[in-house]
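Notes follow once the structure below has been shown.
The values are calculated or read from the model by the stated rules, or taken from the named source; none is laboratory data. For clarity, every value in this text was computed on a predicted model and none was experimentally measured. Please note: Cβ atoms are built from the backbone with ideal geometry, for glycine as well, and neighbour counts cover all protein chains shown. Accessible surface areas use protein heavy atoms only, side chains included; no ligands, DNA or RNA. Shrake-Rupley method; radii C 1.70, N 1.55, O 1.52, S 1.80 Å.
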Amino acid sequence: MSSSEYSAELQPDPTLRLLVLLSGSLLGIVGLVLILGLALPAPAVGLGVALWFYYMLREASALAGEFRNCRGLRVYPDCSLLRLDRESRWRPVRLLPGSVVLPRLAWIRFETGRGIRSAELLRGNCRDSDDWRRLQVIWRHVGAAR
C-alpha cells in the first residue's frame, strides 16, 4: 500500500481535554495574580483584571465548544486533516504550525473553515494502535517534506 493511500484516525481523550482546560485555567489565574501585583493605579489594575478575565473566559469557552464539536481527527500524508463533527460528518480543517507529534503524545493545532483555531492533545502507543503508528509514519513524512 502506498503511503498516500492511508490515514491515521485519532480519537480525543476526555482526560487530556480536561487537563488542557484546567492547565489553561490555572495559568489564567496566575495571570490575574500577576496583574494584581502590578504597581499601577487601582483603576488600571481593575481594568487589566477585567480584560484578562474576559479574555480568559472567552478562550476557555471557545476551546470547550470546539472540544464538544470534535469527535475525531483524520490525518493524511499530504498534510490534509479532517475533523469528525458532532453530526458525524468529516469536515476539512487546516493543520497549523506548532503541531507536534512525539512517540506517545501529540499536540495537533488546526483551524476550522470558520476560522476558529483549536488544538487536541492526543496520546497513543505504536504497539497498541495501528492508527498511532500510521500517525508516526505520516508525521515523519510531513517533516521531511517541509
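With only Lys, Arg, Asp and Glu charged, each at its Cβ (+1 for the first two, -1 for the last two), find how big the charge dipole of the chain is about the Cα centre; round to the nearest 20 debye. All intermediate terms of the calculation are to be shown ahead of the outcome.
Details: 20 positive and 13 negative charges, 20 e Å.
Magnitude of the dipole: close to 100 debye.
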At a 1.4 Å probe radius, carbon and sulfur cover how many percent of the accessible area of the chain? 62
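Which order do the peptides 108-119, 32-43 come out in when sorted by mean C-beta neighbours inside 10 angstrom, highest first? Mind showing how you got there, number by number?
Numbers: 108-119: 15.1, 32-43: 10.5.
Packing order, densest peptide first, comes out as 108-119, 32-43.
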Space enclosed by the convex hull of the alpha-carbon atoms of segment 31-78, per residue, Å³: 109
Heavy-atom surface of segment 1-73, accessible at 1.4 Å and reported per residue (Å²): 65
Could you state the number of Å between the C-alpha centres of segment 102-137 and segment 49-80? 15
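Cα convex hull of segment 106-146: mean projected area in nm², to one decimal?
On the way: hull surface 14.3 nm².
With every direction weighted equally, the projected area is 3.6 nm².
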Candidates per GluC sites (Glu not before Pro) in segment 33-106, loop by DSSP, up to 12 other Cβ within 10 Å: Glu87
Rounded to two decimals, what is Rg over Rh for segment 13-146 when you use alpha-carbon atoms and the Kirkwood radius? 1.08
Rounded to one decimal in Å, the inverse mean reciprocal Cα-Cα distance for segment 77-124, i.e. its Kirkwood radius, is 11.4
Output wanted: per-residue J couplings in Hz (rounded whole) for segment 37-49, from phi through Karplus 6.51 cos²θ - 1.76 cosθ + 1.60, θ = phi - 60°, x for Gly and Pro. x, 5, 8, 10, x, 3, x, 5, 5, x, 5, x, 5
